[in-house]
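In what follows, a structure is listed as structure tokens, so that the remarks can point back to it.
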Amino acid sequence: MTWRRIPVSVSWALVAPAAALPAAPAFAVEYLTAEQAQAALFPEAQSFEVREFTLAEPARQSLQARLGLPVRSRWVLRLARRGDELLGAAVVDDVIGKFDRITFAAGAGTDGALRQVEILAYRESHGQEVRLKKWREQFAGKADGSPLRVGDDIANISGATLSCQHVTDGVRRIAAVLAALRGSGALR
Amino acid sequence: MTAFGFIRRARPALGTLVEIGARVPAPAAREAAAALEEAWDALAAVERELSAFDPESDVGRFNAAPEGEALAIADHTAAVLRAAADLARETGWLFDVSQGTGAGAWSVADAGGAALLHKRSASVRLDLGGIAKGYAVDRAFEALAARLDHVDGAGCWVNAGGDLRVAGVELPVFLRDERGGGARPWMVLSDGALATSDYGPGARARLAGAPEGRGRHVSVAAPRCMWSDALTKVVAITGRVDHPAVVLRRAVAWVHAEAGPC
């Protein structure tokens, strides 16, 4: 076992009263771009079409009631194709927790079978800035496109176990939206 | 000089966000990606056996079984339950995977090479949440490390929502501020495991048997993640960073100040 403590945080705690502690820095990891994520969900796809769909209001309200979750009307789908054949669709979405914002991709084949969920980005905020539009927008489209990143940006985070319930809810919502769009005949 | 790069992926698993990563020389990038997939598979295999929420899992079957039943259980389940039994004995049953439903009402016995889990009370229920996550991290990590063993200079890590294990690379670890959000640089871990638990006021987790005012926000570094995960509970319950169970496993524990990491 090999470890060393970073002394700066020790001195903060020893010399500073709680109220004088500086705000903890934010922590962010970018894992995949949307393009990498759609390829991870549908490795057999040859092409993807990004298309926006609008849920009819009665359908949206019925989904909300059934899921017990808010459901918006506009959804950007990434339609996976091999040749002319539609394989399924992926959606990239965000969920916001107490101090974190997680971008993830979920999708399903035309048979409704869910694909592996991939996380695109994780950001830990300090304070309530996670609710601020400006904070949420600063990370848009930051991840690079190479499979292997060069450098040493491998920092990890430890803490009380992060709940993943909001990601689970987000996946459930996407599965239901895709099923509703399939059922309406809109996915072609 | 060979250029090194890293690959890291995250997925929801074990009820949290799991990250698996590797630092490898550039020519080994493709192999590292395949190794990561094997590590995900190893993690999923342990999750299937140990989940208390899956009625088909070993734990699910035990919880549903009648009194007097002896269930054949998988190797992963037996390994975790034996470790839990050791910790229960060493802590006078304060570490209790039955969470108060019957600390002495279950036991694991050998039966001709297979493990049998005995249920001695109808009401005893097991929940391995306090130790299984660390064990799953160890199995995923070992699958990854074995696959990258022959790659010169490779390092790898698995982090399940803050319970992490690493080898072969200096991994900067930030400690999440559970009260105000954000994270502070806290440690560089290059070989071993680290876990953190928070049972303070307002924390999400609750700990059966923890007296008020004892250790609440705890980190433990240990050679294996199963021990760092489980020992955070031992330290949180007993308030002792030098508890014999900690010392025995060559672990190091910290109790954080209420205002943040100390």
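Quick note: the coordinates plus some simple rules give every number you see, no bench work behind them. The structure displayed is predicted, hence computed values, not measured ones. Positions of Cβ are generated from backbone atoms using ideal geometry, with glycine treated the same way; all protein chains shown enter the neighbour counts.
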query = P(r) of region A:23-77 in 10 Å steps, Cα pairs, percent per bin?
reply = 18, 27, 31, 21, 3
note = Note to self, chain B gives a 222 nm [θ] from helices alone (DSSP H runs n ≥ 4, -39500 (n - 2.57) apiece, / all residues, nearest 500) of -10000 deg cm²/dmol
Calculated over region B:57-129: convex hull of Cα atoms, volume per residue (Å³) = 76
query = Averaged over all directions, how much area does the convex hull of the C-alpha atoms of region A:52-93 cover when projected, in nm²?
reply = 3.6
remark   = Quick shape summary for chain B, equivalent ellipsoid via Cα gyration tensor, semi-axes whole Å in descending order, reads 31, 24, 15
inquiry  = If you scale each eigenvalue of the Cα gyration tensor by 5 and take the root, what three semi-axes come out for region B:5-118, rounded to whole angstrom and sorted largest first?
reply    = 35, 15, 14
query = Straight-line reach from B:Lys133: which aspartates and glutamates have a Cα under 17 Å away, not including same-chain ones fewer than 8 places off?
reply = B:Glu19, B:Asp41, B:Glu47, B:Glu49, B:Asp54, B:Asp58, B:Asp75, B:Asp96, B:Glu142, B:Asp163, B:Asp198, B:Asp229
note = Expected sort for A:Met1, B:Met1, B:Met187 with the fewest Cβ neighbours (10 Å cutoff) up front is B:Met1, A:Met1, B:Met187
ask   = Share of Cα-Cα pairs in region A:46-132 beyond 21 Å, in percent?
value = 45
query = According to the square roots a ≥ b ≥ c of the eigenvalues of the Cα gyration tensor, what is the shape class of region B:81-181, taking rounded for a/c under 1.5, prolate for a/b larger than b/c otherwise, and oblate for the remainder?
reply = oblate
key: Neighbour net charge for B:Ala193 - beta-carbon separation under 10 angstrom, K R +1, D E -1   = -2
key: Relative counts (whole %) of C-alpha pair distances in the protein assembly as shown, using bins that are 20 Å wide   = 24, 54, 22, 0
